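In what follows, a structure is listed as structure tokens, so that the remarks can point back to it.
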Amino acid sequence: MPLQVAPTFRDALAAARRPLVGMWVCSGSPLVAEICAGSGLDWLLIDAEHSPNGPESLLAQLQAVHGYPVTPMVRPPVGDPVVIKQYLDLGAQNLLIPMVDTAERAAAMVRAVAYPPHGVRGVGSALARASRWNRVPDYLRTARTTLSLYLQIESAEAVENVEAIVSTPGVDGVFVGPADLAASMGVLGEQDHPEVVAAVEHCLRAAKAAGVKAGLNAFAPALARRYLTAGADFVLVGADVQLLARGSERLAAEFIEEVR
């Protein structure tokens, strides 16, 4: 029976009349991912760079959120073509690649998500969820249209090269990571440092000038609102583990204090 795959994050951004708001899913739990998928947020970033996620748990989370009105994106731990091939075959349609500092690196990531002759993605679609085990008609020829690729700008070097990165053909967008960017700029932990904020806004302007979508991570509401006003197309404003940590701390502070 012929099947179709879901629209990409690129499609969601193109159809949106406002910035898309999402959250990190870092717990590694399909149950938590499913709870977040029904929250009303626009998108989820399922993380495997700083989270206890491997292929099996990523697959389970993609299955858990499927069918909910939310778009999942997956971040691999590294921009390695072998890892990327595996994630794509699992059915991850939207990838966020960390630590992309140059246009050359950006071009390598573009090749990693495309089959030959345009790229280096290994051909295993008959074995893979990506093609629904060859139930998606003509998957090999249309696969690139079912995928979207976003690159992280999270170093001073990347900011210097952002115009070249966003101009790389095949890049659907960039995502600024202020935490690593602040560390790279010598102000570790100061995501609201004026120089960091200026660098983020420079990246937003560069993307807009190139006709490329740009987003960022901003847990602080004031910063998130500032960047949305500055033109961010998508933003992450929280994380499952962060919400659980802060929420459980509030419970402890409120009720343990009452019974002392």
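Hey, among the residues in segment 63-74 that are surrounded by 17 or more Cβ atoms within 10 Å (Cβ to Cβ) and in contact (Cβ under 8 Å) with a residue 60 or more places away in the chain, which one's nearest to Ala14 (Cα to Cα)?
Thr71
Is one or more of the residues making up segment 121-142 in contact with a strand residue (DSSP E or B) (Cβ under 9 Å, 6 or more places away or on another chain) and of a type outside the set (Lys, Arg)?
Step one: filter segment 121-142 for residues in contact with a strand residue (DSSP E or B) (Cβ under 9 Å, 6 or more places away or on another chain), giving none.
Looking for residues that are in contact with a strand residue (DSSP E or B) (Cβ under 9 Å, 6 or more places away or on another chain) and of a type outside the set (Lys, Arg), one finds none in segment 121-142, hence no.
Does Ala224 count as outside any loop (DSSP other than H, G, I, E, B), surrounded by 20 or more Cβ atoms within 10 Å (Cβ to Cβ) and without any contact (Cβ under 8 Å) to a residue 24 or more places away in the chain?
Values: outside any loop (DSSP other than H, G, I, E, B): yes; surrounded by 20 or more Cβ atoms within 10 Å (Cβ to Cβ): yes; without any contact (Cβ under 8 Å) to a residue 24 or more places away in the chain: yes.
Spelling it out, Ala224 is indeed outside any loop (DSSP other than H, G, I, E, B), surrounded by 20 or more Cβ atoms within 10 Å (Cβ to Cβ) and without any contact (Cβ under 8 Å) to a residue 24 or more places away in the chain.
Scan Val70, Val5 and give me the residue that is at pLDDT below 95 and of a type in the set (A, V, I, L, M). It would help to see each step written out before you state the result.
Values: Val70 fails: at pLDDT below 95.
From the options Val70, Val5, the qualifying one is Val5.
Evaluate the following for Ala107: is it surrounded by fewer than 21 Cβ atoms within 10 Å (Cβ to Cβ), assigned to a helix (DSSP H, G or I) and of a type in the set (A, V, I, L, M, F, W, C)?
Yes; evaluated as a whole, the condition is true for this residue.
Among the residues of segment 132-166, which ones are in contact with a helix residue (DSSP H, G or I) (Cβ under 7 Å, 6 or more places away or on another chain), among the polar types (S, T, N, Q) and surrounded by fewer than 23 Cβ atoms within 10 Å (Cβ to Cβ)?
Within segment 132-166, Asn134, Ser155, Asn161 qualify.
Go through segment 8-24 and report how many residues are touching a helix residue (DSSP H, G or I) at 6+ places or on another chain (Cβ under 8 Å) and closer than 29 Å to Arg135 by Cα.
Narrowing segment 8-24 to residues touching a helix residue (DSSP H, G or I) at 6+ places or on another chain (Cβ under 8 Å): 8, 19-20, 23-24.
Going one step further and asking which of them are closer than 29 Å to Arg135 by Cα, we end up with 8.
Within segment 8-24, residues that are touching a helix residue (DSSP H, G or I) at 6+ places or on another chain (Cβ under 8 Å) and closer than 29 Å to Arg135 by Cα number 1.
Name the single residue that is surrounded by the most Cβ atoms within 10 Å (Cβ to Cβ) among those in segment 27-58 being free of Cβ contacts under 8 Å to residues at least 40 places away in the same chain and of a type in the set (Asp, Glu).
For segment 27-58, the residue satisfying everything is Asp47.
I'd like to know if segment 203-217 contains one or more residues that are outside any helix (DSSP H, G or I), out of contact with any Ser or Thr (no Cβ under 8 Å at 6 or more places or on another chain), over 18 Å from Pro19 (Cβ atoms) and not hydrophobic (A, V, I, L, M, F, W, C).
Scanning segment 203-217 turns up no residue that is outside any helix (DSSP H, G or I), out of contact with any Ser or Thr (no Cβ under 8 Å at 6 or more places or on another chain), over 18 Å from Pro19 (Cβ atoms) and not hydrophobic (A, V, I, L, M, F, W, C).
For Asp240, state whether it is touching a Cys at 6+ places or on another chain (Cβ under 8 Å), crowded, with 18+ Cβ neighbours inside 10 Å, acidic (Asp, Glu) and modelled with pLDDT of 95 or more. Let's see the steps before the verdict.
Numbers: touching a Cys at 6+ places or on another chain (Cβ under 8 Å): yes; crowded, with 18+ Cβ neighbours inside 10 Å: yes; acidic (Asp, Glu): yes; modelled with pLDDT of 95 or more: yes.
So Asp240 fits the description; yes.
What about Asp89, is it under 28 Å from Asp240 (Cα atoms), acidic (Asp, Glu) and surrounded by 17 or more Cβ atoms within 10 Å (Cβ to Cβ)? Lay out the reasoning, then the answer.
On the way: under 28 Å from Asp240 (Cα atoms): yes; acidic (Asp, Glu): yes; surrounded by 17 or more Cβ atoms within 10 Å (Cβ to Cβ): yes.
So Asp89 passes the test.
Run down Ala126, Ala179, Ala130, Ala156 and say which single residue is more than 22 Å from the chain's Cα centre (by Cα) and among the aliphatic types (A, V, I, L, M). Reasoning before the result, please.
On the way: Ala179 fails: more than 22 Å from the chain's Cα centre (by Cα); Ala130 fails: more than 22 Å from the chain's Cα centre (by Cα); Ala156 fails: more than 22 Å from the chain's Cα centre (by Cα).
Going through Ala126, Ala179, Ala130, Ala156 in turn, just one is more than 22 Å from the chain's Cα centre (by Cα) and among the aliphatic types (A, V, I, L, M): Ala126.
The values are calculated or read from the model by the stated rules, or taken from the named source; none is laboratory data. Predicted model only: the values in this text are computed from it and were never measured. Because the Cβ atoms are built from the backbone with ideal geometry, glycine has one as well, and the counts that use them run over all protein chains shown.
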